[in-house]
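**Student:** This is the structure I want to talk about, given as structure tokens.
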Amino acid sequence: MKVFLALFISAIYLIGDAKIFVYHRFGDDRYPQTNISIKHLREHFDFLKKHNYEVVPLSKIVEKLKNKEEIPQKWVSLTIDDNFKSFYKNGLPIFKEYNYPFTLFVYVEASQKGYGDYMSFSEIKETSNYGEIALHSYKHPKLTTLTKEQVLNDTKKAFNTFEKLIGEKPKYYAYPFGVYNSSVKEIISSFGFDAIVNLKATPIDKNSNLLDLPRYMIYDNTKMADKLDIDTKSYNHEKVEKTTFKFMSE
């Protein structure tokens, strides 16, 4: 009975799914709503390491889904939207230090036209030595406010410019602002991306739709334990065992 009970308790705390997180700005106090401090970024990474989570590139999750295989529950994938300069200056060195892979979704117009707060394409190409580079539209519009033709044209321009300046076709796409509808999804899917990501904040399992993958937004005040459904402070094996035993006895 004790062995069975131990296995039962272990099963409760092993239940879970892989998750994809998305960051934006790093160490940039001007924009607190989309920023994470370097101190808290290190805390997030230390938490993942301490609790034996494996940080994997998005491509590994995509491959599992293509093959209809179970995805390890302790897999976490880290993505970055908008190619802000603060990622290159402040975030990338931390990712390299921890040897954590990532996927950077590029707002193409900002880099092509040299907007001051964004990475240049030379910086993006350098960054590709450490992580995956993907597409985040050309003008970063709310796609649901555009006509079908405008959505098609924005995506076509983004796709072609990305391929020309990065040297390869983008495999993944992230909806600007996470906003889309069935019409937008149909158009974006027609470009043959291996995966399309949104901001629905739900876990990933083997039945997840490759063209509608959810992600969790991460901010400066985000607690990694909450996102991973772990309460390390209140977790008490003795209390859980008594509660579980009572439940099984009823």
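The values are calculated or read from the model by the stated rules, or taken from the named source; none is laboratory data. Please read all numbers here as calculations on a predicted model, not as lab measurements. Glycine gets a Cβ as well: all are built from the backbone with ideal geometry, and neighbour counts include every protein chain shown.
**Student:** Between Tyr130, Tyr138, which is more than 27 Å from Val56 (Cβ to Cβ) and of a type outside the set (A, V, I, L, M)? If you could, list the steps in order and put the result at the bottom.
**Tutor:** Details: Tyr130 fails: more than 27 Å from Val56 (Cβ to Cβ).
Checking each option against the conditions leaves just Tyr138.
**Student:** May I pose another question? Residues in region 27-57 that are crowded, with 20+ Cβ neighbours inside 10 Å, of a type outside the set (S, T, N, Q) and in contact with an Asp or Glu (Cβ under 6 Å, 6 or more places away or on another chain): how many?
**Tutor:** The qualifying residues number 1.
**Student:** A further question follows. Does region 40-83 hold any residues that are closer than 19 Å to Gly27 by Cβ, of a type in the set (D, E, K, R) and touching a Phe, Trp or Tyr at 6+ places or on another chain (Cβ under 9 Å), and which are they?
**Tutor:** Arg42, Asp46, Asp81, Asp82 - these are the residues of region 40-83 that are closer than 19 Å to Gly27 by Cβ, of a type in the set (D, E, K, R) and touching a Phe, Trp or Tyr at 6+ places or on another chain (Cβ under 9 Å).
**Student:** Output the residues belonging to region 160-188 that are part of a helix (DSSP H, G or I), touching a strand residue (DSSP E or B) at 6+ places or on another chain (Cβ under 7 Å) and at pLDDT 95 or above. Let's see the steps before the verdict.
**Tutor:** Step one: filter region 160-188 for residues part of a helix (DSSP H, G or I), giving 160-166, 176-178, 182-188.
Within this subset, residues satisfying the condition of being touching a strand residue (DSSP E or B) at 6+ places or on another chain (Cβ under 7 Å) are 162, 166, 188.
Answer for region 160-188, where residues must be part of a helix (DSSP H, G or I), touching a strand residue (DSSP E or B) at 6+ places or on another chain (Cβ under 7 Å) and at pLDDT 95 or above: Phe162, Ile188.
**Student:** Is region 81-92 home to any residue that is farther than 23 Å from Asn129 by Cβ, over 13 Å from the mean Cα position of the chain (by Cα) and in a loop (DSSP other than H, G, I, E, B)? Spell out the reasoning first.
**Tutor:** Of the residues in region 81-92, the ones farther than 23 Å from Asn129 by Cβ are none.
Scanning region 81-92 turns up no residue that is farther than 23 Å from Asn129 by Cβ, over 13 Å from the mean Cα position of the chain (by Cα) and in a loop (DSSP other than H, G, I, E, B).
**Student:** Additional query: Kindly indicate whether any position in region 131-143 is assigned to a helix (DSSP H, G or I), touching a residue at least 40 places away in the same chain (Cβ under 8 Å) and either in contact with a Gly (Cβ under 6 Å, 6 or more places away or on another chain) or farther than 23 Å from Phe47 by Cα (or both).
**Tutor:** Taking region 131-143 as the starting set, the residues that turn out to be assigned to a helix (DSSP H, G or I) are 143.
In the following step, the residues that additionally are touching a residue at least 40 places away in the same chain (Cβ under 8 Å) were identified as 143.
If we keep only those that are either in contact with a Gly (Cβ under 6 Å, 6 or more places away or on another chain) or farther than 23 Å from Phe47 by Cα (or both) as well, we get 143.
Yes, because at least one residue in region 131-143 is assigned to a helix (DSSP H, G or I), touching a residue at least 40 places away in the same chain (Cβ under 8 Å) and either in contact with a Gly (Cβ under 6 Å, 6 or more places away or on another chain) or farther than 23 Å from Phe47 by Cα (or both).
**Student:** Right, next: Scan region 21-39 for residues that are assigned to a strand (DSSP E or B) and not aromatic (Phe, Trp, Tyr) and jot them down. Working first, answer last.
**Tutor:** Quick first cut of region 21-39, residues assigned to a strand (DSSP E or B) only: 21-23, 25-26, 35-36.
Within region 21-39, Val22, Arg25, Asn35, Ile36 qualify.
**Student:** Would you tally the residues in region 124-154 being under 27 Å from Phe26 (Cβ atoms) and either crowded, with 17+ Cβ neighbours inside 10 Å or touching a strand residue (DSSP E or B) at 6+ places or on another chain (Cβ under 7 Å) (or both)?
**Tutor:** Total meeting the criteria: 13.
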